[in-house]
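One structure is given here, and the rest of the page talks about it.
Since every read-out is calculated from the coordinates, none of them should be taken as a lab result. Bear in mind the structure is a predicted one, so any value in this text is a computation, not a measurement. Cβ placement follows ideal geometry from the backbone for every residue including glycine, while neighbour counts extend to all protein chains displayed.
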Amino acid sequence: MVNIILLGPPGAGKGTQAKRLVDERHMVQLSTGDMLREAKTSGTDMGNRVAEVMAKGQLVTDEIVIGLIEEKITGNAGGGFIFDGFPRTLAQADALGALMARTGQTLDAVIEMQVDDVALVARITGRFTCGSCGAVYHDVTKPTAKPGTCDVCGGTQMVRRADDNEDALRQRLMEYYKKTSPLIGYYYAKQQLSSVDGLAAMDAVAAAIAQVLDKR
């Protein structure tokens, strides 16, 4: 069992690689957004707290997120946990470290998916998905075989995320560099950090991640 954090700016491919680890290594992906949506309708005490906070339009506190993570990691571990989207700040990293120690868990690797900002903007702003089946395409690197028609399901409704434009992406990158990138130095100092080329082909990124995990 291996527990890891995937670090990297928005669009670096963390979600894609997390899904592969779930499929191939039977790891459990802990996405903050998914956990909050699930908790809101769970009916548990923690879920009710989440629902109340979100109903008021307030931000969910770190304490609540840590509580949700604790519920998950004290259950079925599968092949280990992937922390995706958490921690985002140094305070959250400290809280996660304390939680892991308290529950007898270890954090085995922190994998930084390194990217070049210019290439990342080109990658994200050209991205679109099929509105029917969710298949992902790109204007340059992965266009549909027939313009406007999904290769997978034949759907004709193509969707682009509202924030997949250059201005919005650069704002998200600025937030990442201000709040989350300090974690790279934090985990480097703890000798837990490994880095892979996040802009390589998906299979190459997966192979690099596997090499890190297989050393643990």
For peptides 80-93, 51-64, sequence by mean Cβ density within 10 Å, most packed first: 80-93, 51-64
Lys pairs in the chain, Cα-Cα under 18 Å, at least 8 apart or on separate chains: how many? 5
Near K190, within a Cβ-to-Cβ distance under 14 Å, what is the net charge of the other residues, with Lys and Arg +1 and Asp and Glu -1? -3
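Pop out the Kirkwood hydrodynamic radius of the chain from its pairwise C-alpha distances, inverse of mean 1/r, in Å to one decimal.
Numbers: mean 1/r = 0.0534 Å⁻¹.
One decimal place: 18.7 Å for the Kirkwood radius.
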Using alpha-carbon coordinates alone, the radius of gyration and Dmax of segment 67-136 in Å work out to 16.8, 44
Quotient of C-alpha Rg and 2.2 N^0.38 Å, computed over segment 154-210: 1.59
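May I ask for the net charge around G47, where only other residues with Cβ less than 12 Å from the Cβ of G47 are counted and Lys, Arg are +1 while Asp, Glu are -1?
On the way: positive: R37, K40, R49; negative: E38, D45, E52, E71.
Summing Lys and Arg as +1 and Asp and Glu as -1 gives -1.
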Please state the relative contact order of the chain as a whole percent: Cα pairs under 8 Å, 6+ residues apart? 28
In whole Å and largest first, what semi-axes does the C-alpha gyration tensor of segment 122-216 yield when each eigenvalue is scaled by 5 and square-rooted? 32, 19, 10
With no solvent and one equal point scatterer per Cα, compute the Debye intensity ratio I(q)/I(0) for segment 1-104 at 0.15, 0.19, 0.20, 0.22 Å⁻¹ and report its log10, rounded to two decimals. -0.64, -1.02, -1.12, -1.29
